[in-house]
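Q: My questions will all concern the structure given below.
The values are calculated or read from the model by the stated rules, or taken from the named source; none is laboratory data. As the structure is a prediction and not an experimental result, all values here were calculated from the model. No Cβ is skipped: glycine too gets one built from the backbone with ideal geometry, and neighbour counts run over all protein chains shown. Only protein heavy atoms, including side chains, enter the accessible area calculation; ligands, DNA and RNA are left aside. Shrake-Rupley method; radii C 1.70, N 1.55, O 1.52, S 1.80 Å.
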Amino acid sequence: MGSFPVPLSILDLATVGKGETVAESFAASVDLAQRAEKWGFTRIWYAEHHNMPTIASSATSVLIAHIASQTTSIRLGSGGIMLPNHSPLVIAEQFGTLATLHPGRIDLGLGRAPGTDQVTVQALRRTPGAAESFPNDVLELQGFLGDHSRVRGVAATPGRGTHVPLYILGSSLYGAQLAAALGLPYSFASHFAPDALHQAISVYRERFEPSDQLAEPYVIVGAGTLAADSEDEAERQRQNTRRARFRMLFGRGQNMTDAEVDQHLDGAGGMQVDHMMTYTGVGTGPQVRQFLLRLQEDTKADELILTSNAVERPALLRSFELVAEECL
């Protein structure tokens, strides 16, 4: 067993693998959470996505409730809820329910992107300017979960007084500035959007204003992991991941063979996929540990949240297990 200078957590993308059903994906998420709890990871988050056939966490709070009932101590939360898709009151009631059923275990990470395409945005009944009210919606939500509602005569039941901790998620300077102004923890999505990482966390730390929830800045940095028992196996998993990413980005509705995808990966599409994977550790357990140590030292992150880019379910579990063996 190793030791690591900061907590390590997991972002479970709740993927529906090739040939899998959604029910099997949910069972796999329960299995991962139970293993992660034993391995010593701090928390697992699930992200709100819509109209994506390979991601099963669209009803994020419901999935969290199910997994919380199948585990005992690991923290669980959203990474994140796309708040402009919802009313703050409804989210306060949902997460107030979760926090009441599972005290001290629930986090509420918030983002402002729709988490889907424009047609689905309309199906969600999200108004075009919904993201513009995100800062006020966060404050309203915070009030519903605290002791004093910002809406006269309206209280969240359950929710009021639960003080569910809020986190601001982002991949740009906007989220960093908002998290700093509100005195909330900030989680940067560098596992797929690496460009603004250093600038965003610098702005966040420089502008941070202490709050009732948080006295000092708290930065969570996202990282991909592809740990395997050999370098060759890790490289095989990396190539599988590159193909899956390409199909997700450029191959919707097309039935391309691996050979056809590999041809495209030699071009601009491959460059974009590889850029998204900038902060992905690939190799044996000790090699991925060294990658994570360098990332933490480089960013001075207070926590790392890891996603496994492995396409095959056994490889995904083995990747997290190897990280746990080396770091926890």
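Q: Decide, for segment 62-133, between rounded, prolate and oblate: order the square roots of the alpha carbon gyration tensor eigenvalues as a ≥ b ≥ c, take rounded if a/c falls under 1.5, and otherwise choose prolate if a/b is larger than b/c, else oblate.
A: It is prolate, given that a/c is not under 1.5 and a/b is the larger ratio.
Q: Considering only 251, 292, 323, whose Cα is most displaced toward the positive end of the charge dipole of segment 229-328, charges sitting on Cβ of Lys, Arg (+1) and Asp, Glu (-1)?
A: 251
Q: How large is the dipole of the chain about the Cα centre if only Lys and Arg carry +1 and Asp and Glu carry -1, each at its Cβ, rounded to the nearest 20 debye? Before the final figure, lay out each step's value.
A: Details: 26 positive and 36 negative charges, 147 e Å.
That gives the chain a dipole magnitude of about 700 debye.
Q: At q = 0.21, 0.23 Å⁻¹, what is the log10 ratio I(q)/I(0) for segment 113-184, with the Debye formula run over Cα points and no solvent?
A: Summing over Cα pairs of segment 113-184 leads to -1.03, -1.08.
Q: With θ set to phi - 60° and the Karplus curve 6.51 cos²θ - 1.76 cosθ + 1.60, what are the ³J(HN,Hα) couplings of segment 281-286 in order, to the nearest whole Hz, using x for Gly and Pro?
A: Calculated HN-Hα couplings, in order: x, 10, x, 6, x, x Hz.
Q: Below 11 angstrom from the Cβ of residue 56, what's the summed charge of the other residues (Lys, Arg +1; Asp, Glu -1)?
A: Net local charge, residue 56 excluded: -3.
Q: Using Stokes-Einstein with the Kirkwood hydrodynamic radius over Cα pairs, what translational diffusion coefficient do you get for segment 193-240 at 25 °C and a viscosity of 0.890 mPa s, in µm²/s rounded to a whole number?
A: 177
Q: Continuing with the same structure: Considering only the chain, what is the antiparallel percent among its DSSP beta bridges, to the nearest 5?
A: The answer is about 5 percent antiparallel.
Q: Calculate the FRET efficiency for residue 250 and residue 21 from the Cβ-Cβ distance with a Förster distance of 30 Å, rounded to the nearest 0.05.
A: The value I calculate is 0.70.
Q: Taking all protein chains in place and a 1.4 Å probe, what share, in percent, of the accessible surface of the chain do carbon and sulfur account for? Mind showing how you got there, number by number?
A: Working: 7740 of 14790 Å².
Result for the chain: 52 percent of the exposed heavy-atom area is carbon or sulfur.
Q: Continuing with this model, one more query. Contact order normalised by length for the chain, with contacts defined as Cα pairs under 8 Å and 6 or more residues apart; what percent is it?
A: After rounding, I find 19 percent.
Q: Roughly what % of Cα-Cα distances in segment 1-119 sit above 16 Å, to the whole percent?
A: 60
Q: ³J(HN,Hα) across segment 70-81 via Karplus (A = 6.51, B = -1.76, C = 1.60, θ = phi - 60°), whole Hz, x for Gly/Pro?
A: Couplings: 9, 10, 10, 9, 5, 6, 9, x, 9, x, x, 7 Hz.
Q: So if the hydrodynamic radius of the chain is defined as the Kirkwood radius over C-alpha pairs, what does Stokes-Einstein give as its diffusion coefficient at 4 °C and 1.567 mPa s, in µm² per second?
A: For these conditions, the coefficient is 64 µm²/s.
Q: Just for the Cα atoms in segment 177-325, what are the lengths along the principal axes, largest first, rounded to whole Å?
A: Taking max minus min along each principal axis of the Cα atoms, segment 177-325 gives 53, 35, 22 Å.
Q: Give me the extension gain from residue 139 to residue 258: residue separation times 0.36 nm, minus the current Cα-Cα distance, reported in nm with one decimal. Provide the component values of the computation, followed by the final result.
A: Working: separation 119, 0.36 × 119 = 42.84 nm, distance 4.75 nm.
Answer, rounded to one decimal: 38.1 nm.
Q: Between rounded, prolate and oblate, where does segment 204-284 land on the alpha carbon gyration tensor, with a ≥ b ≥ c its root eigenvalues, rounded for a/c under 1.5, else prolate if a/b exceeds b/c?
A: Details: a/c = 3.49, a/b = 2.00, b/c = 1.74.
Since a/c reaches 1.5 and a/b is larger than b/c, the shape of segment 204-284 is classed as prolate.
Q: Collect residues whose amide H, placed 1.01 Å from N in the peptide plane, falls under 5 Å from the amide H of residue 82; neighbours closer than 5 in sequence don't count.
A: 48, 111
Q: Enumerate the calculated ³J(HN,Hα) couplings along segment 239-248 in order (Karplus 6.51 cos²θ - 1.76 cosθ + 1.60, θ = phi - 60°), each rounded to whole Hz, writing x wherever the residue is Gly or Pro.
A: Using θ = phi - 60°, the values come out as 5, 4, 5, 4, 5, 5, 5, 4, 4, 5 Hz.
Q: Give me the accessible area per residue for the chain, probe 1.4 Å, as a whole number in Å².
A: About 45 Å² of surface per residue is accessible.
Q: Please work out the FRET efficiency for the pair residue 38 and residue 233, using the Cβ-Cβ distance as r and a Förster radius of 22 Å; give the result to the nearest 0.05.
A: Numbers: r = 24 Å, r/R0 = 1.07.
Result of the calculation: an efficiency of 0.40.
Q: With a cut-off of 8 Å between alpha carbons and a minimum separation of six or more residues, what is the relative contact order of segment 1-90 in percent?
A: Contact order relative to length: 31 percent.
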